[in-house]
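The values are calculated or read from the model by the stated rules, or taken from the named source; none is laboratory data. Just so it is clear, the structure is predicted and the values come from calculations on it, not from any experiment. Cβ sites come from the backbone with ideal geometry, for glycine too, and all protein chains shown count toward neighbours.
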Amino acid sequence: MLLYHSYNIVFQEVPGEVTLAINLSNCPNGCKGCHSPYLQENTGSTLDENVIATLLARYGEAITCICFMGGDANPEDVQNLVWFIKNNTQGRLKTAWYSGRPKLTDQFNLTTLDYLKLGPYIEQLGGLDSPATNQRFYCVIDGELEDKTLGFQKRKSLPAFPYDIF
Amino acid sequence: METFIIKRDGKKEAFSIGKIKDAIRKAFLSVGSFATDEVIANILCRVNISNGVTVEDIQNQVEIALMSERYYAVAKAYMIYRQKHLEDREVRDKLQFLMDYCDAQNAATGSKFDANANVENKNLATLIGELPKSNFIRLNRRMLTDRIKDMYGKEVSDRYLDLLNNHYIYKNDETSLANYCASITMYPWLISGTASIGGNSKAPTNLKSFCGGFINMVFMVSSMLSGACATPEFLMYMNYFIGLEFGDDYYLNTDRIVDLSKKQRTLDKVITDCFEQIVYSINQPTGARNFQAVFWNISYYDRFYFESLFGEFYFPNGTQPHWDSMNWLQKRFMKWFNQERTKTILTFPVETMALLSADGDAKDKEYGDFTAEMYAEGHSFFTYMSDNADSLSSCCRLRNEITDNGFSYTLGAGGVSTGSKSVLTINLSRCIQDSARKGKHYLFFLEEVVDLVHKVQVAYNENLKYMHEKGMLPLFDAGYINMSRQYLTIGVNGLVEAAESLGIEITDNPKYLEFVQQVLGLIEYYNKKYRTKDMMFNCEMIPAENVGVKHAKWDKRDGFKVNRDCYNSYFYIVEDESINILDKFRLHGHKYIEHLTGGSALHMNLDEHLSKGQYKQLLRVAVQEGCNYFTFNIPNTVCNSCGHIDKHNLKTCPVCNSQDVDYLTRIIGYMKRVSNFSESRQIEASQRHYATVSQL
């Protein structure tokens, strides 16, 4: 069962998209220097199809993407909700997953995702915007992963404005 | 028990009979007479001193006592003496204000009455503007209350003063004699120059005389308004003059050299030099306006808006506006202005992009795209979206219904001439909290207030008509603006705070919606009720530049519940982090703004720029929610050390690495340094929640 702590509308996590990001708790990764350690605790409310349907009713027309932040303890539940979103929006909404695992489990069907972030947070290497980062941000095209991590670092270097990297 | 009296400064002092005796003796001596102890005793018999009596009251009693004892000459001398002291005290107070102003942190904090919005620094010129403000307030109030008495009787006039003095309502721009703001048609100027409004320049005949004449014209118009001057036809007329000189197809080749001087300028350079001349001239502090720059607004249009506004328009040479070149010029100006703003702080013009919507998106795809592109390039401007070209927002706040899209050979395009004659604001927070205190339903009290403010506005309109009849308002006579197309505006402030006081949650929920619709619906009902053939009313949520701060302060002082130092200018709580960006669009969507006929601009605060694709989606969101007027506000960084201006929100200067940086942010329409806000407003700006990008 997935638990979520909060949700928000974000713009930087998935470049070019207006994203509803759902912050999942119960994170098993326990990265040192985690920016939101409260998400490692077993707190929040149940995230199921009903909750997703409510969020879709409220924000479905206004957003272009839904992103699951975490949920590594229950990848199959994330998979099911991704399916649910794709089915209920006739594929209009894109889906993204921010996972802290170095790689996905083999059971996970990549074709239902449009974006994927992999890799734990390692303090010395930094997050996606750090040139030394171990984390990877991918665009999923025909089930294949295309590494777009560089886009996050470009956006930080001034004076370029954010642009749609895809 | 010792008796205390109250001095003029409010302090208590032990009563001393000696001081009264002294004053009486001096009064007798001043007319060459002498007061014996017996005479003084007789006078004092008539003076009644009780604990807590004021100095003013004692002096009144002495006056009457002198007359009762038939010392008329002495009484007169005493009165003249008092009057002289009153005048001295006024001068002393002014002097004190002058010194306080000199010591104040900036011009907005120093201003006592009505902080001039776009004054950057305090100096002698701004001080000269501050000093007569209290006199203007008295004069304006007197003119208005005399007229109210005339039209509705003393009771209504007294009630107005009562509500005003107790801060249930607020009269905006009471420190100026001029009517408020206007969006003008430039056609009369195009035909006959500035002579009809008291100037001496002839009609423009070429690009050069257009640029110079335009600047003069805007300055002249602004000196007769207390608020903004919008020129929605600026680029269209400029395009006409460029076309006359370089051909209607000039935009097809702007790289050619058209300047045969040593400079060898290209056509593009000639045009952008014209932009530079106009924009830099108009952003100058203006002598006649106490060192304020004029408030200048312009509009851009998509193809459909343009066609419906100017499709019937004819220039003096019989030609019609040319869309393709206009399209090029609009984009060129916007791009140029965006670049120019990285060189220096340019506040004006405030720009509004007017887009027609259809099927949940911008109808003109090219302009929807261009709008998103300009936002993504960091340009700061407003967007007005409507599904019908029956309204336009040409001011930084004012929306107007277009009643006449026709063209007239004397007045030009009908749709652009509008504005607000006067704004009178209701402090909803106090009205509603006070009703609760008195155990009454707020709608009863509110209805009385709403009815009264309409009467006051009608009286204002009569005064304006009087001025007009006496030939004091040439802008109307010359046809730049039209008496019957200008609104009398009912402002609202403290809406969110009023709802909070009733325990209503400030989110998109049925209870809050009902409250908003009830309150704003009531005002709209009265707007319609008082409307006549040549008198229109609208309602707007006023930008709380300084009224919001004042209301919060006064209400807190009087024991009302006040949750913040500056009342909101939005339908949501600015500092509430749980309200996301989409919620904000919804809370400024059609359900909420339906009765806000004068408009309200959603200032979407973001901490970083978005991509073009993201802005495009947000334009769609705005259309879907029916949020017709908005801007995106990303603080720009100004380095105090090297002067670099950066369109990003930064903590250190990317050029010289200095940490001494300031921020430019949009506040009711125009860009301003945060450190030039008044103190309370600076706090509001720092609490303002810029939607954060969560850390990765």
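Assorted remarks:
- Near pairs, Cβ below 7 angstrom, 6+ apart or cross-chain, from region B:182-203 (outside any helix (DSSP H, G or I)) to any residue that is of a type in the set (Phe, Trp, Tyr): B:Ile184/B:Tyr480; B:Thr185/B:Tyr480; B:Met186/B:Tyr237
- Evaluating B:Met99 against the criteria (1) closer than 30 Å to B:Asn546 by Cα; (2) touching an Asp or Glu at 6+ places or on another chain (Cβ under 8 Å); (3) of a type outside the set (D, E, K, R) leaves one unmet condition, (2).
- Residues within region B:151-175 that are over 24 Å from B:Gly227 (Cα atoms) and hydroxyl-bearing (Ser, Thr, Tyr), tallied: 2
- Some residue of region B:528-547 being surrounded by fewer than 22 Cβ atoms within 10 Å (Cβ to Cβ), under 23 Å from B:Leu161 (Cα atoms) and aromatic (Phe, Trp, Tyr): yes
- The residue that is nearest to B:Leu355 (Cα to Cα), counting only those in region B:604-627 that are among the small types (Gly, Ala, Ser) and at the interface with chain A (Cβ under 8 Å from one of its Cβ atoms), is B:Gly613.
- Test: A:Thr89 is under 11 Å from the mean Cα position of the chain (by Cα), on the phi < 0 side of the Ramachandran plot and of a type in the set (Ser, Thr, Tyr): no
Conditions tested, residue by residue: (1) out of contact with any helix residue (DSSP H, G or I) (no Cβ under 8 Å at 6 or more places or on another chain); (2) assigned to a helix (DSSP H, G or I); (3) buried (at least 21 other Cβ atoms within 10 Å of the Cβ).
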| position | (1), (2), (3) |
| --- | --- |
| B:Gln284 | yes, no, no |
| B:Leu309 | yes, yes, yes |
| B:Pro321 | no, no, yes |
| B:Trp328 | no, yes, no |
| B:Leu346 | no, no, no |
| B:Met353 | no, no, yes |
| B:Asp369 | no, yes, no |
| B:Glu373 | no, yes, no |
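- Hits in region B:595-625 (condition: at pLDDT below 90, surrounded by fewer than 24 Cβ atoms within 10 Å (Cβ to Cβ), within 24 Å of B:Phe515 (Cβ to Cβ) and among the polar types (S, T, N, Q)): B:Thr597
- All positions within region B:120-147 that are surrounded by 14 or more Cβ atoms within 10 Å (Cβ to Cβ), more than 23 Å from B:Lys550 (Cβ to Cβ) and modelled with pLDDT of 95 or more: B:Arg147
- Region A:57-75, subset more than 8 Å from every other protein chain (Cβ to nearest Cβ) and part of a loop (DSSP other than H, G, I, E, B), residue nearest to the chain's Cα centre (by Cα): A:Gly70
- Residue in region B:628-638 that is buried (at least 18 other Cβ atoms within 10 Å of the Cβ), within 11 Å of chain A (Cβ to nearest Cβ), in contact with a strand residue (DSSP E or B) (Cβ under 8 Å, 6 or more places away or on another chain) and without any contact (Cβ under 8 Å) to a residue 60 or more places away in the chain present: yes
- Selection status of B:Asn482, polar (S, T, N, Q) and under 26 Å from B:Asn165 (Cα atoms): no
- If the condition is being farther than 16 Å from A:Phe11 by Cα and at pLDDT 85 or above, then region A:149-166 contributes only A:Leu150.
- Enumeration of residues in region A:14-38 that are over 17 Å from A:Leu118 (Cβ atoms), more than 10 Å from chain B (Cβ to nearest Cβ) and either in a loop (DSSP other than H, G, I, E, B) or of a type outside the set (A, V, I, L, M, F, W, C) (or both): A:Ser25, A:Asn26, A:Lys32, A:Gly33, A:Pro37, A:Tyr38
- Selection from region B:76-110 of residues that are within 17 Å of B:Asp22 (Cβ to Cβ) and in contact (Cβ under 8 Å) with a residue 40 or more places away in the chain: B:Ala77, B:Tyr78, B:Tyr81
- Listed conditions (1) modelled with pLDDT of 90 or more; (2) over 20 Å from B:Gly613 (Cβ atoms); (3) within 12 Å of chain B (Cβ to nearest Cβ) are all met by A:Phe11, apart from (2).
- Looking across region B:369-382, the residues that are out of contact with any His (no Cβ under 7 Å at 6 or more places or on another chain) and closer than 26 Å to B:Trp296 by Cβ come down to B:Phe370, B:Thr371, B:Ala372, B:Glu373, B:Met374, B:Tyr375, B:Glu377, B:His379, B:Ser380, B:Phe381, B:Phe382.
- The criterion of at least 1 residues that are over 30 Å from B:Met236 (Cα atoms) and at pLDDT 95 or above is met, among helices (runs of 4 or more DSSP H) falling completely within region B:410-528, by B:428-437, B:442-469, B:495-501.
- Residues located in region B:565-599, provided they are touching an Asp or Glu at 6+ places or on another chain (Cβ under 6 Å), more than 14 Å from chain A (Cβ to nearest Cβ) and not hydrophobic (A, V, I, L, M, F, W, C): B:Tyr567, B:His595, B:Gly598, B:Gly599
- Residues of region A:100-128 satisfying the condition of being closer than 20 Å to A:Gly16 by Cβ and in a loop (DSSP other than H, G, I, E, B): A:Leu113, A:Asp114, A:Gly127, A:Leu128
- For region A:129-145, residues that are under 16 Å from A:Pro102 (Cβ atoms), among the hydroxyl-bearing types (Ser, Thr, Tyr) and either part of a loop (DSSP other than H, G, I, E, B) or more than 13 Å from the chain's Cα centre (by Cα) (or both) total 1.
- Selection from region A:139-148 of residues that are surrounded by fewer than 16 Cβ atoms within 10 Å (Cβ to Cβ) and either at pLDDT 90 or above or within 14 Å of another protein chain (Cβ to nearest Cβ) (or both): A:Ile141, A:Glu144, A:Glu146, A:Asp147
- Residues (β-branched (Val, Ile, Thr) and in contact (Cβ under 8 Å) with a residue 40 or more places away in the chain) located in region A:4-53: A:Ile9, A:Val10, A:Val14, A:Val18, A:Thr19, A:Ile22, A:Thr43, A:Thr46, A:Val51
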